[in-house]
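Student: Can you keep this structure in mind? I'll have questions shortly.
Readers should treat all values here as calculations from the given coordinates under stated rules, not as data from a laboratory. What you are looking at is a predicted structure, and each value in this text was computed from that prediction instead of being measured. All Cβ positions, even for glycine, are placed from backbone atoms using ideal geometry, and neighbour counts span all protein chains on display.
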Amino acid sequence: MIAVLIKHMDKFTKILAPIDGSEPSMDAAKYAISLAKKFSSEIYIVSVVPSKVKYGDSSGFFGMVPPKYFDNYKKEAEIWFDKVKKRLENSESKNIKINTEVITSPLSISGTILEYAENLNIDLIVMGTKGRTGFKKLLIGSTAQEIVTYAHCPVLVVR
């Protein structure tokens, strides 16, 4: 993994950091900001609206997320985005372009992130080991594992 990162270091013009508000995802966003400053990269912070929630399937028909659920999730995600933006504003590099977006898809969370990364030609994905639904005993969460396995670009998993 490290050899892959070293080989591609000069090509990190677009960095993606998916977040879900969990501590590992916010730590990963912090690493993504550090790398973006180092390589003058554009950074993309995204949050994927999960179709499955605590009390069952919120996806409705054909993977559509109900508008009220989407709006509530988006409000929560904006708080996370603001925290990430403040970290960037507090650093010396204010010229780094940061893009934030809440996305939804009938695909799985990992499938949505992978599709997003490919569509934007992302050069590096930086993500936490586990998200909000992660089990503490697992070394790496299922979403992170799928991203590492199927991503078209290097993936940095932050613990």
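Student: Amide H neighbours of ALA17 under 5 Å, counting only residues 5+ apart in sequence or on other chains, H built in-plane at 1.01 Å?
Tutor: HN-HN under 5 Å from ALA17: TYR44, ILE45, VAL46, VAL126.
Student: Given the pairs LYS11/LYS74; LYS11/LYS75; LYS14/LYS68; LYS68/LYS97; LYS37/LYS75; LYS14/LYS86, which are separated by over 24 angstrom at their Cα positions?
Tutor: LYS11/LYS74; LYS11/LYS75; LYS14/LYS68; LYS68/LYS97; LYS37/LYS75
Student: Sticking with this one: Run the numbers for SER142 and ILE79: contour at 0.36 nm per residue of separation, minus the present Cα-Cα distance, in nm.
Tutor: Separation in residues times 0.36 nm, less the Cα-Cα distance, equals 20.2 nm.
Student: Quick check on packing: order 67-77, 19-29 by the mean number of other C-beta atoms within 10 Å, highest mean leading.
Tutor: By packing density, highest mean first, the sequence is 19-29, 67-77.
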